[in-house]
Amino acid sequence: MQGFCSVLLAYCFVLLHVKMWPYPGTGENFLKLVADVQLFLVLLVSLVLQIDDTQLTAEGYGEDYDQQMLFYIVMGGFVCTIGKLAYRDDLQKEQSLLMHMAKSTSTATIVMLTLATS
């Protein structure tokens with residue numbers, strides 16, 4: 001019962017995240033979505049692991065099936081994480097530019113720019 005409730009709760013979090021899309025950048029939202037789906041799939045596989053091995057073997061799934069499924073789930077999340085770290089969207093580029101400008105300019109220049117724009 002506890003495993004089923006955790007799978008149901010993880011599924012609700014995936015749906016809620018897709019509906020709300022809470023982060024400002026697309027990359028962050030996608031990475032969070034991948035992490036939530038990965039958690040949901042791992043919890044789902046944990047329910048499958050509770051099934052008797054003889055029943056799974058009779059249906060044509062070997063002992064390595066569970067290990068292969070977990071490997072693909074983890075590797076899928078790893079590939080998406082590496083992809084997100086390698087790709088920077090426009091928002092992150094702008095934030096990086098602002099941080100670089102803030103480090104390279106003096107406080108007086110920032111105050112003058114702030115007063116000029118307001």
Unmet requirement for VAL74, which otherwise passes all of (1) over 18 Å from SER6 (Cα atoms); (2) at pLDDT 75 or above; (3) loosely packed, with under 11 Cβ neighbours inside 10 Å: (3)
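Select from the stretch 45-58 the residues that are in a helix (DSSP H, G or I) and touching a residue at least 12 places away in the same chain (Cβ under 8 Å) and list them in ascending order.
If the condition is that a residue be in a helix (DSSP H, G or I) and touching a residue at least 12 places away in the same chain (Cβ under 8 Å), then VAL45, SER46, LEU47, VAL48, LEU49 are the ones that fit.
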Within the stretch 17-39, tally of residues that are surrounded by 12 or more Cβ atoms within 10 Å (Cβ to Cβ), assigned to a helix (DSSP H, G or I) and free of Cβ contacts under 8 Å to residues at least 60 places away in the same chain: 14
Test: residue in the stretch 59-71 that is loosely packed, with under 14 Cβ neighbours inside 10 Å and either touching a Pro at 6+ places or on another chain (Cβ under 7 Å) or touching a residue at least 12 places away in the same chain (Cβ under 8 Å) (or both): no
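Take VAL42 and decide whether it is within 13 Å of the chain's Cα centre (by Cα) and without any contact (Cβ under 8 Å) to a residue 40 or more places away in the chain.
no
The values are calculated or read from the model by the stated rules, or taken from the named source; none is laboratory data. Note that this is a predicted model, so its numbers are computed, not measured. Glycine gets a Cβ as well: all are built from the backbone with ideal geometry, and neighbour counts include every protein chain shown.
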